[in-house]
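The values are calculated or read from the model by the stated rules, or taken from the named source; none is laboratory data. For clarity, every value in this text was computed on a predicted model and none was experimentally measured. Heads up, the Cβs are rebuilt from the backbone with ideal geometry, glycines too, and the neighbour counts pull from every protein chain shown.
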Amino acid sequence: MVRGIADIAALLMSVERIQHYIETTPQEADAVLPDHRPKDSWPQDGKITFEDVQMRYFPWLQPALKGVSFSINPREKVGVVGRTGSGKSTLIMALFRMYELDEGRIVVDGEDITNFGLADVRGRMAIIPQEPVRDLYTMRLGIFIG
């Protein structure tokens, strides 16, 4: 009987912990914004522009990206290199809106990606790693848009 009561108490603690995570974990943006869908042809060319982008993983942490600005023209090949923790993977996470920006904006073919739902943004771009079994810090990435 004591063991049964202890098991029930442990289960109740698990439910409380899950409830805490549900209430405190930030939710992602809407998958689709019915009033603002991209054109069927978006993105067509694949021009990517980061404009003074600042992003942090959690509100209490320092920005992982701070004041990042660059443009990648259509069909241009770009390599991103740097030491571990320099923000290479964070650029991809920002592009796919895995985390929302604190400041700045990311524009793909003239459209700010925050104007669209996550399904519209993520469903029209893909990341192809050179070696999919390795982690993001050691792989070369190809981004395909369109």
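Some points to look at:
- Residue-level check: of (1) in a strand (DSSP E or B); (2) at pLDDT below 90, V53 misses just (2).
- Residues that are of a type in the set (D, E) and farther than 30 Å from F70 by Cβ were ranked within the range 1-30; the one that is surrounded by the fewest Cβ atoms within 10 Å (Cβ to Cβ) is E23.
- Exactly one residue out of D35, D30, D7 is in a helix (DSSP H, G or I) and among the acidic types (D, E): that is D7.
- The listed residue being modelled with pLDDT under 85 and under 23 Å from I72 (Cα atoms), out of P38, P34, P43: P38
- When the residues of the range 65-124 are filtered to those that are touching a Lys or Arg at 6+ places or on another chain (Cβ under 8 Å) and among the aromatic types (F, W, Y), the one that is farthest from G46 (Cα to Cα) is Y99.
- Residue within the range 31-41 that is acidic (D, E) and loosely packed, with under 10 Cβ neighbours inside 10 Å present: yes
- Index of the failed condition, V78 passing every other in (1) touching a residue at least 24 places away in the same chain (Cβ under 8 Å); (2) not in a strand (DSSP E or B): (1)
- Of everything listed in (1) surrounded by 15 or more Cβ atoms within 10 Å (Cβ to Cβ); (2) on the phi < 0 side of the Ramachandran plot; (3) in contact (Cβ under 8 Å) with a residue 24 or more places away in the chain, the single unmet condition for G46 is (2).
- Restricting attention to the range 81-103, the residues that are within 16 Å of I48 (Cα to Cα) and either in a loop (DSSP other than H, G, I, E, B) or over 15 Å from the mean Cα position of the chain (by Cα) (or both) total 3.
- The set of residues in the range 99-146 that are aliphatic (A, V, I, L, M), under 12 Å from A29 (Cβ atoms) and modelled with pLDDT under 90 comprises L118, A119, V121.
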